[in-house]
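Reviewing the structure listed below.
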2 protein chains.
Amino acid sequence: MAFTFQINSDVEFIHDEKLLRKAEENRPEIRKEKVLPSRIVEMVSDPSSLNGISVRTSEKEISKLPSYGWKRDDRLILDFGDHRVGSFEMEVDQTGSPMDAPLFLRLKFAEVPAELAAEASDYDGWLSRSWIQEEFIHLDKLPAKVSLPRRYSFRYVELKVIDTSPKWQAVFSNPSVITETSADGSSFTPLRLEDEKMQRIYDVGIKTLADCMQDVFEDGPKRDRRLWLGDLRLQALADYASFDNTALVKRCLYLFAGMTTKEGKISANVFVNPKNIPDDTFLFEYSLFFISVLYDLHQAHPDEELVKELYPTAKKQMDLSLQMFDEEGRLIPDENYPVFVDWSNEFNKDTAGQAEMIYVLKQFLALARIAEEPEMEFYLRKLELISGYAKEKLYRKDRKLFVTGDEEFNIASQVWMVLAGVMSFEENQEIMRTVVREMFPVTGIATPYMYHHIVEALFEAGLVEEAVCLMKNYWGKMIDLGADTFWEAFDPNVPEYSPYGSPIVNSYCHAWSCTPVYLIKKYLVK
Amino acid sequence: MAFTFQINSDVEFIHDEKLLRKAEENRPEIRKEKVLPSRIVEMVSDPSSLNGISVRTSEKEISKLPSYGWKRDDRLILDFGDHRVGSFEMEVDQTGSPMDAPLFLRLKFAEVPAELAAEASDYDGWLSRSWIQEEFIHLDKLPAKVSLPRRYSFRYVELKVIDTSPKWQAVFSNPSVITETSADGSSFTPLRLEDEKMQRIYDVGIKTLADCMQDVFEDGPKRDRRLWLGDLRLQALADYASFDNTALVKRCLYLFAGMTTKEGKISANVFVNPKNIPDDTFLFEYSLFFISVLYDLHQAHPDEELVKELYPTAKKQMDLSLQMFDEEGRLIPDENYPVFVDWSNEFNKDTAGQAEMIYVLKQFLALARIAEEPEMEFYLRKLELISGYAKEKLYRKDRKLFVTGDEEFNIASQVWMVLAGVMSFEENQEIMRTVVREMFPVTGIATPYMYHHIVEALFEAGLVEEAVCLMKNYWGKMIDLGADTFWEAFDPNVPEYSPYGSPIVNSYCHAWSCTPVYLIKKYLVK
């Protein structure tokens, strides 16, 4: 998720077994379904698709798959019709003379056609090569059933025969995927929208969310596959607007609350395999968003008992972060506890971080009231102080914009200040109009995470048309480029951009991009 | 084994269930033993070793293995102390931050250090790449026990960490191999020889034979791994001189006899995995050697019942091959049923094939007598005719050599004519002296199979010193180059020669090279 690796191996963590037991009690059922490939395809050059690569139906027919023999260097691409998360299996046999050598096979799993065109051996990025979804297997005896033990995220499976022998060919049959998700499609009726493009954006958002809903809300089923707090916040919002799996949100909250540092700080993410492990990465607002997730859950499904149970953890995050503000109410950034806002480190994040604190502090006050916080006054004064600093020191009336750092005016500051509701509705609208006028089209932002907040700020400021337009230009453009699910990273100005230098480690189904599900229901459906 | 692939997919085979049941009854017990690595080593350049590559003990200590962390691109070579055939397992864990990516690992199994220096991706030979002993595995959860399901043939295991993540390192512990063989080391007392070099040659021969003794006499435990009749003949002779596992020889004879073509012809080799399958490759003298193996077995352990049981199969091979001789008694070669003699196709094999027939026909007559063959006269006349043709038309008194093809004088013709005992002992000695004088040092021959026959012909001709000298210069030179077991292919004039273009598909433990075990016991031990 973040570009910079944090290594904090000296941090000591507490495991609160009571809370972790509750996480366990809320563990979801994984629903499985067998899906067969719909066709055999071939890669084709296609300038309108991502990285200029698309597929077309092969002359070889999927129904005749067992009749084809495949020899050294032959390749075959199976299309499973849509994005799938699950395990793969098939039967393998041979034809020709007796099998006088093992079969050596490469299986490559691709979410998008662009991955099919990239070779793992060419990858030299900073992100682990181990994420490349590629397996090499030897089969000494045929016929054999191949049931790969791992879970993959893909639409396409390329089978490449590295070698048989000159005397015989490999034969493949009955390939299938057993899909896995904890999303229950029967639990709600998807929205029907008049606007076709928005309908497609909504549908792909639902698919993205569903494929990220596993044992936890994963950030991406292909890569990372873990629970990030910032991503959880958006997934939970999209979940309430669709599958409404509240238990899964609770499970995730318990996991974070159950594994804090000794001082009480929540990790930016946790692992649940092979056991529950908190990561040693910490992000300022990701810890704070524990409060947001609890607040949002209570908004969606009021649960005062849960709020009271988790309030001490929420309060701890608030108290730790408030220490980062000076007596004027100004955020003093700490590079060991960085403000995230977006992947890009090309802009100053101080004002955005200040706004995020205000955003969360307001939610915290609502929780504090339920928990009958005795020091209510203290937090109210903090809100006043920090908001006051924002209004008085950071807002530039002449520009209708918030400043940050060294006289820098960036989109993140405006968006978060609008979301934090620091100014009046009219002022927010003016700010967002200024943003549209001066900062659109957006540049230098490649995360659906940041685009989500821009769109939400537009909606909150009443600029519905601009919000919809941006959704179509952003999520809609991914669809135009061939997306079955929304991506971890996308800069519409540089569609082929990969933060890792190759599509084969990109995650093309990434939770933080599923938010049209939430935005459409909240802002566009009467 | 042979350089030319035969594809005869239209051949129909018979499965004689009665004989195959006897093959099953003689299936050997596979003995297993756990072996630990003796040290961690590093590759070094060493002009005295095969391909200029050797290993030296690493500064990293095997006893401290679990204390080392291994990151992206790190390599580690385990030395298991001697050639091993079996399965590999180890435990894998990690150190550092939590495991935020899978572990991607390459395991490479090498019989000799030269293989460690070769990269699979550079291999472009005609032999299947699937024989390269290399596995790629992803581990999603650590700690994990890795138990590879396949059998490997190796002394060295290279573990290469393709990737972890920048935040953690892989940790390896408890690597081991469970060796497999059907040879019972307790069944005999190995010879003790005065000559150190010959002792080493004998010991390495025993190890070679033992590692090829599996469910059948395999030709090589790394590659091919099947039962070839020509190799079986030599393995059986070495076996009687050592482990003396007669049941295994019987099993192999029943396998060949139980799966002939409809017309009764025996394949050059059979597979026993996943079930008993005869290969569609046929070689003139490999079929005939069924007779030799039966004859040799009866010589070692007289068993008239077995001879009578398998005599019809033996007779069929003789009858089919006799059809290839004209009325003068001359072999008319058939490219669909080629004479093998050696891998090289650079010399004419007609006279060698003629000699092989005489060699086998004499053995056949011995079996025919036991089986009370009614047509004894017919075969005696055939022997006379074919021998007569050899003596009168092929032997050139002036040269003291046999001619072949178009006035060609090659070593194979002489060696096989001597082994066939066509001429008197004195003439044979003269022939072999001529060979030593005119054709030594041997050139253009790269198989221990052919070298075996040259040495045996020298012994048979009473040229013991020359035979021992050649053994030292051939098998001894493999040992000088670092052999723990004898190789499938070796040309002492071109030590780096590989029939496949790369050491990683060479077989460095190959049955047909184990014959010093037999030669030493038969010709050098009083």
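Where a number appears in this text, it was derived from the coordinates with a stated rule and is not lab data. Bear in mind that the values here come from a model prediction, so they are computed numbers and not experimental data. No Cβ is skipped: glycine too gets one built from the backbone with ideal geometry, and neighbour counts run over all protein chains shown.
Here are some notes:
- Within-14-Å neighbourhood charge of B:Ser9 [Cβ basis; K, R +1; D, E -1]: -4
- Here the range A:85-153 is treated as a sphere whose radius is the Kirkwood value from Cα pairs; by Stokes-Einstein at 10 °C and 1.306 mPa s it diffuses with a coefficient of 113 µm²/s.
- Counting only Cα atoms, the size of the range A:426-490 along its three principal axes is 38, 21, 16 Å, in decreasing order.
- Distances in nm from B:Asp140 to the matching label points in the other copies, shortest first (labels 7 Å along Cα to Cβ): 2.6
- Per-copy distances of the A:Gly388 label point, shortest first, in nm (7 angstrom along Cα→Cβ): 12.8
- Straight Cα distances below 22 angstrom link B:Lys308 to the lysines B:Lys18, B:Lys22, B:Lys250, B:Lys262, B:Lys265, B:Lys316, B:Lys362, B:Lys382, with same-chain residues fewer than 8 positions distant left out.
- Ellipsoid fit via the Cα gyration tensor, the range B:130-169: semi-axes of 23, 13, 10 Å, each the root of five times an eigenvalue, largest first.
- Inter-part distance, the range A:96-139 to the range B:198-246, computed on C-alpha centroids, equals 37 Å.
- Our summary gives the range A:312-375 a relative contact order of 28 percent, counting only alpha carbon pairs under 8 angstrom and 6 or more residues apart.
- Full-stretch length increase - A:Ser45, A:Ile30 - with 0.36 nm per residue and alpha-carbon distance subtracted: 1.6 nm
- Structural descriptor for the range A:1-97: relative contact order 26 percent, calculated from alpha carbon pairs under 8 angstrom and at least 6 residues apart.
- Surrounding net charge for B:Ile454, when Lys and Arg each add one and Asp and Glu each subtract one, Cβ distance under 12 Å: -4
- Taking the number of Cβ atoms within 10 Å of each Cβ as an exposure proxy, the fewest-first ranking of B:Met423, A:Met478 is B:Met423, A:Met478.
- Residues whose amide H comes within less than 5 Å of that of B:Asp279, counting only those at least five positions distant or on another chain, are B:Asn269, B:Val270, B:Phe271 (H built at 1.01 Å from N in the peptide plane).
- Karplus (6.51, -1.76, 1.60) ³J(HN,Hα), θ = phi - 60°, over the range B:120-128, in Hz, Gly and Pro reported as x: 4, 5, 7, 6, 9, x, 7, 7, 4
- Annotation for the range B:471-521 versus the range B:12-87: alpha-carbon center distance of 18 Å.
- Average Cα contact separation per residue, the range A:116-251, under 8 Å, 6 or more apart, as relative contact order %: 22
- Quotient of the Cα radius of gyration of the range A:365-457 and 2.2 N^0.38 Å, N being its number of residues: 1.24.
- In order along the range A:401-406, phi translates into HN-Hα couplings of 9, 8, 9, 8, x, 8 Hz, rounded to whole numbers, per the Karplus curve 6.51 cos²θ - 1.76 cosθ + 1.60 with θ = phi - 60° and x for Gly and Pro.
- Charge context of A:Lys141, other residues only, Cβ under 12 angstrom, K/R +1, D/E -1: +3
- Fraction of the pair-distance distribution of the range B:249-389 above 17 Å, Cα-Cα pairs, percent: 59
- Proximity of backbone amide H atoms, modeled 1.01 Å from N, is registered between B:Ile53 and B:Asp46 at under 5 Å, excluding neighbours fewer than 5 places apart on the same chain.
- Other-copy label distances relative to A:Asp215, 7 angstrom Cα-Cβ extension, nm: 3.6
- Look at the Cα gyration tensor of the range B:268-323: its axes a ≥ b ≥ c give a/c of at least 1.5 with a/b at or below b/c, and that counts as oblate.
- Using the empirical formula 2.2 N^0.38 Å as the baseline, the Cα radius of gyration of the range B:456-525 reaches a ratio of 1.18.
- Taking amide H as placed 1.01 Å from N in the peptide plane, B:Ser507 has its amide H under 5 Å from the amide H of B:Glu488, B:Ala489, each at least 5 places away in sequence or on another chain.
- With neighbour counts taken as other beta-carbon atoms within 10 Å, the residues A:Phe425, B:Phe402 rank, fewest first, as A:Phe425, B:Phe402.
- Per residue convex hull volume, Cα atoms of the range A:325-373, in Å³: 102
- Here the protein assembly as shown is described by how far its Cα atoms reach on the three principal axes: 118, 58, 46 Å, from widest to narrowest.
- Computed over the alpha-carbon pairs of chain A, the distance histogram in 20 Å steps reads 22, 52, 22, 4, 0 percent, short to long.
- Whole-Hz couplings from phi, Karplus 6.51/-1.76/1.60, listed for the range A:486-492; x for Gly and Pro: 7, 9, 5, 9, 7, 10, x
- Chain B residue nearest by beta-carbon to the axis mapping B to A, with distance in Å: B:Phe136, 2.
- Cα Rg over Rh - the range A:1-95, Kirkwood: 1.19
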